[in-house]
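Trainee: Okay, here's the structure, questions in a sec.
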Amino acid sequence: MMKKRVCFATSTRADWGLLQPLALALRDGGGVEVQVLATNMHLMPRYGYTVGEIEAAGFAVDASVPVDVQDDDDASRVHVMAQCMAGAADAFARLRPDAVVILGDRYEMLAIASSAATMHIPVIHIAGGEISEGALDDAFRHAITKLSTLHLTATEPYRRRVIQMGEAPDRVVNTGAIGVWNAMNIKTMTRAELSADLGFDLDRPFALVTYHPATNDLEASPAERAGELLDALDAFPGLAAIITYPNNDAHGAHIIDRLTAYAASQRDRVLPVQSLGMLRYHSLLRLASVVVGNSSSGIVEAPSAGVPTVDIGMRQRGRMAGPSVIHCGDDAASIREAIARALSPDMQALAARRQNPYGSPGTLGRMTDAVLAFVATLPCPPKTFYDIEY
């Protein structure tokens, strides 16, 4: 019998780092043929051309879908979605996958899910049911849920929310967050190895910083918001900072320009990095004094690494969060206050307890089992809307 073909769609360093363990588990022990479709930031030199991280993990990239981002505005992202939808359709017609795995909530993932659903290819969606009110991703995530057939959620409340959206309970599985599994199971690099690899002194306290555009924030530009963060970091001259590039949402390029200029003025204290990759990121996470920014990793993964998080602004508003996550405003004063609190002995001790609503033993095994059980039933009939009883 021919193996079922499961295609992993990936567009950023972040989603591939999360998808990689599941892809490995299915390829090496699951009896399925794993395919990889890479697009968007993976194929862009400015963001580190991270398609190499996929190949370094031992996977062939079965389909590349390049996109041409003309400008740093919203309209350009719509054009990217159109390119991505058409490119995914061509890739799926050639690869003929039995199912497509999609993680999260980005605009290009909505385009890929739309192509798959239109071509009657079932979508397996990871991390549905979550809320992030400060980004357009919030709507994209829920739209992907309705285009998907199997749902792997990170918490039980998120599972219930997906069911509330009309998805059949037997197709919605609470697995826990795969990012937490990564944080707890990856074999990390030592401080000395990281220092040598990055060419940066890590024998001192440092912050791990990631700041993305909050695409639903209409009151100030992302570059202005990022400037407030950088001003706040200046209040802690003894705290080094490793700052990863933002994603390529609209106006993300302006953030890059701002942070690279900032880093150039403080080369001994600030290191900008296009992409850390999963290994270096999780290695740094375990050594950092604080995580600062507005990335979901600060909420989902950092608590399990025992490090406090300063979550800035509205981007992640609505997500469940553990007690070591400090939410603050966008202004420099609020960020300074939150960083000082995060560095306090009390908060460091609280973070060391690693309390995390996203943590669940056996996450990877549950995800693998759920995918294998699902693909064994393929092809499946069209799904119906599940009505909950009031």
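The values are calculated or read from the model by the stated rules, or taken from the named source; none is laboratory data. Just so we're clear, the structure is a prediction, and the values are computed from it rather than from any experiment. Here the Cβ positions follow ideal geometry from the backbone for every residue, glycine too, while neighbour counts run over all protein chains shown. Keep in mind that these areas ignore ligands, DNA and RNA; they rest on the heavy atoms of the full protein, side chains included. Shrake-Rupley method; radii C 1.70, N 1.55, O 1.52, S 1.80 Å.
Trainee: At a Förster distance of 35 Å, what's the computed FRET efficiency of K3 paired with D197, Cβ-Cβ distance as r, to 0.05?
Mentor: After rounding, the FRET efficiency stands at 0.40.
Trainee: Another question about this same structure. How far is helix 252-264 tilted off the main Cα axis of the chain, in degrees rounded to 10, range 0 to 90?
Mentor: Long axis of 252-264 versus the principal axis of the chain: about 30 degrees.
Trainee: To continue, here is another question. So how tilted is helix 222-233 from the main axis of the chain? Cα-based, degrees 0 to 90, rounded to 10.
Mentor: With both axes taken from Cα atoms, the answer is about 50 degrees.
Trainee: Using a Gaussian network for the chain with springs between C-alpha atoms less than 10 Å apart, which of these wobbles most: A86, A226, A214?
Mentor: A86
Trainee: Find out how many positive minus negative residues lie around G277, taking Lys and Arg as positive, Asp and Glu as negative, among other residues whose Cβ is under 10 Å from that of G277.
Mentor: Working: positive: R13, R280; negative: E53.
After counting each charged neighbour, the total is +1.
Trainee: Looking at the chain, what % of its DSSP beta bridges pair antiparallel, to the nearest 5? Walk me through the intermediate numbers first.
Mentor: Working: 0 of 42 bridges.
Roughly 0 percent of the beta bridges in the chain run antiparallel, per DSSP.
Trainee: Hey, another quick one. Ignoring ligands, DNA and RNA, what percent of the 1.4 Å accessible area of region 90-237 is carbon and sulfur? Don't jump to the answer; show the numbers that get you there.
Mentor: Working: 2830 of 5520 Å².
Looking at region 90-237 in its full context, I get 51 percent from C and S.
Trainee: So if I take the centroid of the Cα atoms in region 116-132 and the same for region 231-307, what is the distance between those two points in Å?
Mentor: 29
Trainee: Net charge within 12 Å of I144 by Cβ-Cβ distance, Lys/Arg positive one each and Asp/Glu negative one each, not counting I144 itself?
Mentor: Working: positive: R106, R141, K146; negative: D105, E108, E130, D137, D138, E167.
Around I144, the charge tally is -3.
Trainee: If you don't mind, another one. May I ask you to list the trypsin sites (Lys or Arg not before Pro) in region 151-233 that are in a DSSP loop and have at most 11 other Cβ atoms within 10 Å of their Cβ? Walk me through the intermediate numbers first.
Mentor: On the way: sites: R159, R160, R161, R171, K187, R191, R225; in loops: K187.
Answer by residue number: K187.
Trainee: For region 114-170, what does the alpha-carbon gyration tensor say about shape, rounded, prolate or oblate, given a ≥ b ≥ c as the root eigenvalues, a/c under 1.5 as rounded, and a/b over b/c as prolate? If you can, show how the numbers build up before the last one.
Mentor: Working: a/c = 2.18, a/b = 1.21, b/c = 1.80.
It is oblate, given that a/c is not under 1.5 and a/b is not larger than b/c.
Trainee: Per residue, how large is the accessible surface of the chain? Use a 1.4 angstrom probe and give square angstrom. The partial results should precede the final answer.
Mentor: Values: 15580 Å² over 390 residues.
Accessible surface, normalised per residue, equals 40 Å².
Trainee: Students often check this: by mean Cβ neighbours within 10 Å, which of 342-348, 354-360 ranks highest, and how do the rest follow? Numbers along the way, then the final one.
Mentor: Numbers: 342-348: 15.0, 354-360: 20.6.
Most protected by this proxy first, the peptides run 354-360, 342-348.
Trainee: For region 95-113 and region 1-59, what is the centre-to-centre distance using only Cα atoms, to the nearest Å?
Mentor: Value for the Cα centre distance between the two parts: 12 Å.
Trainee: Another question about this same structure. Subtract the Cα-Cα distance of A264 and Y49 from 0.36 nm times their separation in residues, and report this length gain in nm to one decimal.
Mentor: Numbers: separation 215, 0.36 × 215 = 77.40 nm, distance 2.22 nm.
75.2 nm is the gain from fully extending A264 to Y49.
Trainee: Also, quick follow-up: Loop sites only, by DSSP: take the GluC sites (Glu not before Pro) in the chain that have at most 15 other C-beta atoms within 10 Å and name the longest stretch containing none of them.
Mentor: On the way: sites that count: E133, E219, E389.
With GluC sites (Glu not before Pro) excluded where exposed in loops, the chain gives 220-388 as its longest stretch.
Trainee: Continuing with this model, one more query. Projecting each Cα onto the charge dipole of region 169-280 (Lys/Arg +1, Asp/Glu -1 at the beta carbon, about the Cα centre), which of T190, P169, I256 comes out farthest on the positive side?
Mentor: Of the listed residues, the answer is T190.
Trainee: Which one of A338, V325, P222 has its Cα pushed farthest toward the positive end of the charge dipole of the chain, where Lys and Arg give +1 and Asp and Glu give -1 at the Cβ?
Mentor: The listed residue farthest towards the positive side: V325.
Trainee: So for the pair R160, D68, with labels modelled 7 Å out along Cα→Cβ, what separation do we get in nm?
Mentor: The two pseudo-label positions are separated by 4.9 nm.
Trainee: What distance in nm separates the two pseudo spin-label positions at H120 and F385, each 7 Å out from Cα along the beta-carbon direction?
Mentor: Inter-label distance under the simple model: 2.3 nm.
Trainee: For the chain, what's the radius of gyration and Dmax over Cα atoms, in angstrom?
Mentor: 20.2, 63
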